[in-house]
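The structure appears below as structure tokens.
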Amino acid sequence: MTADPPEQKHSPFTGTTVGLAPLAGWSDAPFRLLCFEYGADFAVTEMVSAEGLIRGGEKTVRLFERMPGEGPLGVQLFGSDPAAFAAAAVIVCRSDPAFIDLNFGCPVKKVIRKNGGSAIMRDLDLLGRICAAVVSVSTVPVTAKIRSGWNPEEENYIDAGRVAEEAGVAAVTLHPRYRSQLFSGEADWTHLADLREALSIDVVASGDVRGADDYRKIVEITGCETVMIGRGAFGRPWVFSEIKASLEGRLWVPPGPGEKTRTMIRLARMEEELKGERRAVVEMRKQYRWFLRGMPDVKDYRMRLSTVESMAEARLIIEELREDMEKKWTGTA
Ligand SMILES: Cc1cc2nc3c(=O)[nH]c(=O)nc-3n(C[C@H](O)[C@H](O)[C@H](O)COP(=O)(O)O)c2cc1C
């Protein structure tokens, strides 16, 4: 008896508008849950090492465990060996995610040195073999996330997108920067429009969307129906409700100090439950910094929260911040 060919998978993005991008060090379950609560249609995990998963790393598995209340979740894999990707995909599929995403964009040296992430943009044969290997074993749709190329001289996002499409992926996300740019300069949204023209599968836009105005512009320029938000959600998980309100023609009221500080405390508590106090305290320091952006006269709070040593201390500082902000908010300070 011969095996059936892999079933053609539909795009996991059909009907979605905006989701949380994969973000190493950020898109863990508690942060994803906040984004879902504020209206994200989907989220993608931090990148998960295919090799690490096969070796059975408990920490690796935890990266794609979902919290109750989370919506559709894509699990992103990185690595360089098609067989390892496929074996990891089989493990990931047991948790029944909404999709598996393949990382061909990470610019970090540690990943590049092992021929992973955006290094794969320089070897489209390998890119195709990785996509095909995962598609052949996956029970859920497979998507790929690419950059515009290694550098401007080696721009190849159209070719990379075509190779991925031919290998059977259901959608391609493009972060239109070269690896050589890392995260500097502006994302070139015209690349997204070009890629959409060239492919018949869904193209998802990623890069420099920080609110409803950016969202409208990127959709207008690229024609992409689905957008991922990365840094625009740092300290602003409500960016999703801002975009949804704008799409539905509703007035959006930004969260006040009460909601902001409650969200900081709740996120810290969820991180503590997931990772234990020590790790959560350290990881939350960077989160606080982002939540405080845009608040007036918070230099002192920012400094204290950046060196905070316990959850109890953090809560006290945040409570003090809330009282201070509420006084300013209501004009009684
Ligand atoms: C701190 C950080 C971590 C990231 N981690 C990942 C990752 O694990 N996988 C990935 O494909 N992209 C990763 N990215 C890229 C983002 O998903 C996104 O494509 C990029 O930041 C551009 O979008 P933005 O302007 O909305 O942030 C990361 C970006 C940042 C800033």
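Worth a mention:
- Cβ-derived FRET efficiency at R0 25 Å, Arg113 paired with Trp290, nearest 0.05: 0.30
- Pairs of Lys in the chain closer than 23 Å at Cα, counting only those 8 or more apart or on different chains: 23
- Helix 212-222 axis versus longest C-alpha principal axis of the chain: approximately 20°, rounded to the nearest ten.
- Taking a sphere under 14 Å around the Cβ of Ala312 and counting the other residues whose Cβ falls inside, with K and R at +1 and D and E at -1, yields a net charge of -2.
- Neighbour-count ranking [beta-carbon atoms within 10 angstrom, fewest first] of Lys328, Lys109, Lys9: Lys109, Lys328, Lys9
- Solvent-free Debye scattering, log10 I(q)/I(0), computed from the Cα coordinates of the range 18-247 at q = 0.09, 0.10, 0.13 Å⁻¹: -0.32, -0.39, -0.69
- Debye-formula intensities of the range 257-326, expressed as log10 I(q)/I(0) at q = 0.14, 0.15, 0.17 Å⁻¹, are -0.35, -0.40, -0.52 (one equal scatterer per alpha-carbon, no solvent).
- Degrees between helix 257-275 axis and first principal axis of the chain (Cα, 0 to 90, nearest 10): 60
- The fraction of Cα-Cα pairs per 5 angstrom bin, counted from 0 for the range 82-216, comes to 2, 11, 21, 23, 20, 14, 7, 2, 0 percent, rounded to whole percents.
- Ala29 sits among other residues whose Cβ lies under 11 Å from its own Cβ, and their net charge, with Lys and Arg +1 and Asp and Glu -1, is -2.
- Relative contact order computed over the chain (Cα-Cα under 8 Å; 6+ residues apart), in percent: 14
- Arg266-Lys59 pseudo-label distance in nm [points 7 Å out on the Cα-to-Cβ vector]: 2.9
- MRE, 222 nm, helices only [DSSP H, n ≥ 4, -39500 (n - 2.57), over the chain, to nearest 500]: -13500 deg cm²/dmol
- Cβ-based charge dipole, the range 18-247, positive-most Cα from Ala245, His191, Ala29: Ala29
- Between the Cα long axis of helix 124-137 and the first principal axis of the chain there is an angle of about 80°, rounded to the nearest 10.
- Pairs of Cα atoms nearer than 8 Å and 6+ residues apart set the relative contact order; for the range 1-140 it is 21 percent.
- Euclidean distance between Cα centres, the range 129-153 to the range 218-294, Å: 28
Only the coordinates and a few stated rules stand behind these numbers; no lab work does. Every value quoted in this text rests on a predicted model; they were computed, and no experiment measured them. All Cβ positions, glycine included, derive from the backbone under ideal geometry; neighbour counts span all protein chains shown.
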